[in-house]
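**Q** Have a look at this one before I ask anything.
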Amino acid sequence: TYDLSHYPVAHHVLESGLPAVIQHDDPSADPAELALMQGYGGKTLLVLPLIVHDRALGLADLYDQEKTRVFTPEDVRLAQSLAAQAAIALENARLYEHAQREIAERDRAEREAVWRAFFETYEQKINT
């Protein structure tokens, strides 16, 4: 995780839901984002939002480390489609994990109730 206030393009992508491209040789590119990109050896970075149900889960960054690249509209659409599928998979994993926790909690509560009923019955028999 990182502070989005230091990365205006990433912040804009999350807010707008639209992809963005950063080139390593773009003099108008944000220095912090250039430094992050160059830390990964990137020449071109395509930043994509991971969106499910109109909610941004995060970002997907696609780097070209060999050359400055111009992404075609088809490239961007394909990348958006893959990012959308990744976002759905992440959301499904989150929902599955949540469901598993709820099932485990319900099972624990049911076991507790069975033991409580057993001891209450046992206590009543002892007292009669």
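The values are calculated or read from the model by the stated rules, or taken from the named source; none is laboratory data. These numbers were taken from a predicted model, which means no experiment stands behind them. Every residue, glycine as well, gets a Cβ built from its backbone with ideal geometry; the counts of neighbours run over all protein chains shown. Protein only, heavy atoms only, side chains kept; ligands, DNA and RNA dropped before computing areas. Shrake-Rupley method; radii C 1.70, N 1.55, O 1.52, S 1.80 Å.
**Q** Using Cα pairs closer than 8 Å and at least 6 residues apart in sequence, work out the relative contact order for the chain, in percent. All intermediate terms of the calculation are to be shown ahead of the outcome.
**A** Values: 127 pairs, mean separation 23.2, N = 128.
Computed over the chain, the figure is 18 percent.
**Q** Might you tell me the accessible area per residue for the range 48-113, computed with a 1.4 Å probe and given in Å²?
**A** 74
**Q** Taking the Cα of ILE88, stepping 7 Å toward and past its beta carbon, and measuring to each backbone N in the range 1-17: which are under 19 Å?
**A** none
**Q** Contact order normalised by length for the range 22-67, with contacts defined as Cα pairs under 8 Å and 6 or more residues apart; what percent is it?
**A** For the range 22-67, the relative contact order is 34 percent.
**Q** Measure off, as a whole percent, the carbon and sulfur share of the 1.4 Å-probe accessible area of the chain, all protein chains present. Could you put the intermediate results ahead of the total?
**A** Working: 5220 of 9200 Å².
That fraction is 57 percent.
**Q** Here's something else I'd like to know. How large is the convex hull of the Cα atoms of the range 1-110 per residue, expressed in Å³ as a whole number?
**A** Taking only Cα atoms, the range 1-110 has a hull volume of 127 Å³ per residue.
**Q** Also, quick follow-up: Roughly how many nanometres apart are two label points built 7 Å out from the Cα toward the Cβ at ASP3 and ARG111?
**A** My value for the distance between the label points is 4.5 nm.
**Q** 222 nm [θ] for the chain, helices only, -39500 (n - 2.57) per DSSP H run of 4+, per residue, to 500?
**A** -20000 deg cm²/dmol
**Q** Follow-up question, since we're still on this one. Would you tell me the accessible area of THR128, worked out with a 1.4 angstrom probe on the heavy atoms of the protein chains, in Å² to the nearest 10?
**A** 140
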